[in-house]
Amino acid sequence: MTNNKGTLAARVAQQAGGQAVAKQQESAPEPMAEVVDLAQRDTWLRWLNERRSYFADALPRHIDESQFIQAALTAMYKTEKLQECTPESLMMALMQCARFGLDPDGVHAAVVPYGKTATFVPMYMGYIELMYRSGMVESVVFDHIHDTDQWRYNQAQRPPDDFEHEVDLINRHDGNKILAYAFCWMKTGGRSQIMFLNRREAEEIRDTRSKAYQLAERNRRQNPGEFAKNPHWGKYNSTWHTDFDAMWLKSPVRRLNKRVPTSPEIRELLKIDDQLDVMERLAVPLTSVPAGGRPEIEPPPPSADEQGAIAPPLDQDEAGWPPVRQPGSAAGSEAS
């Protein structure tokens, strides 16, 4: 490997004697950042394929390991911080995805970098998928209530007469969201308890339980000038910043899983999700997994958006979280 840290374009300009061009190139913000390194992508694909048998053994029979590997590769390439995580933690997180039969696609599950540790995070569509898979749930209903909608909730009446929600399809996007809710119909014919969450409760979860949100807020306070110039950089954002409504909707869906008869698989998933906060606080070391070695790829130099970042406590870095999509298409953990 060469020690010359200049870009390819700058070296060509210097060799041609165009010093002015080279000087201009040096001042430009990372001109080669958008170039896709196909060789590196192939190396990571090879790394995943070498572990194909482990994924195949862990995945449910209805999920093809090739589909799972492609989802993992996409996640690793969209979130470059994952490429800097330890191979043991990355393999552990992917094996947890495979164990529950959830693709790491940012919709059903996500693999999130906390510093050098890759962490499995179930998304709320993953919970819903497992609820259907349990064989006890007929359908899951979850939505926001807007102030233009017609709705009522009367605890004195018995289900299903206690709750009605009529969506104003014409004007609802002009209104404000006031509540998020989730419930399910069981195959026995009954309806579950309805989980409600208002905006203030969602903000309380965000402010007190989300380390990702707290870290991004701290970085914003410590670097106000840089944040004003680059408000979209990863270190200044979390999923609560970029998609508050979807994170708000996620919380009642997650709570619903604790109040309906479901499968041992879902109970285990909830346990892992609940332990995530503790694992982050204690920085619990990961046990080894039966897959060693990491592709010999030279790590890239720090990008512009990493310079001056505030190091999170216990090596908990929030950069590169997968995006949370609009309600009804994706999800996240309650404290994500």
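What follows draws every value from the coordinates through simple rules; no lab data is involved. Treat the numbers as computed from the prediction; the structure is a model and nothing was measured. In this analysis, Cβ positions are derived from the backbone assuming ideal geometry, glycine residues included, and neighbour counts consider all displayed protein chains.
Each of the peptides 124-132, 207-215 was scored by the mean count of other Cβ atoms within 10 Å over its residues; in descending order, highest first, they stand as 124-132, 207-215.
Which residues' amide hydrogens lie under 5 Å from the amide hydrogen of Asp149, considering only partners 5 or more residues apart or on another chain, with H built in the peptide plane? The answer is Asp168. Relative to the current alpha-carbon distance between Thr86 and Tyr132, full extension at 0.36 nm per residue lengthens the span by 13.2 nm. The distance linking the range 86-162 with the range 203-230 is 25 Å (Cα centroid to Cα centroid, whole angstrom). For the range 176-185, 3J(HN,Hα) computed residue by residue from phi via the Karplus equation (6.51, -1.76, 1.60; θ = phi - 60°) reads 9, 6, 10, 8, 10, 8, 8, 7, 9, 9 Hz, glycine and proline entered as x.
The phi-based Karplus calculation (6.51 cos²θ - 1.76 cosθ + 1.60; θ = phi - 60°) puts the 3J(HN,Hα) values of the range 265-270 at 4, 5, 5, 5, 5, 4 Hz, whole numbers, x for Gly and Pro.
Label-to-label distance for Gln155 and His232 is 4.5 nm, based on points extended 7 Å past Cα in the beta-carbon direction. Between Thr43 and Asn171, the contour length at 0.36 nm per residue exceeds the Cα-Cα span by 41.1 nm.
Residue separation of Arg199 and Arg221 scaled by 0.36 nm, minus their Cα-Cα distance, works out to 5.5 nm of gained length. Projected label points at Lys116 and Gln70, each 7 Å from Cα along the beta carbon direction, are separated by 3.4 nanometres. Net charge of the neighbourhood of His146, taken over other residues with C-beta under 9 Å away and scored Lys/Arg +1, Asp/Glu -1, is -2.
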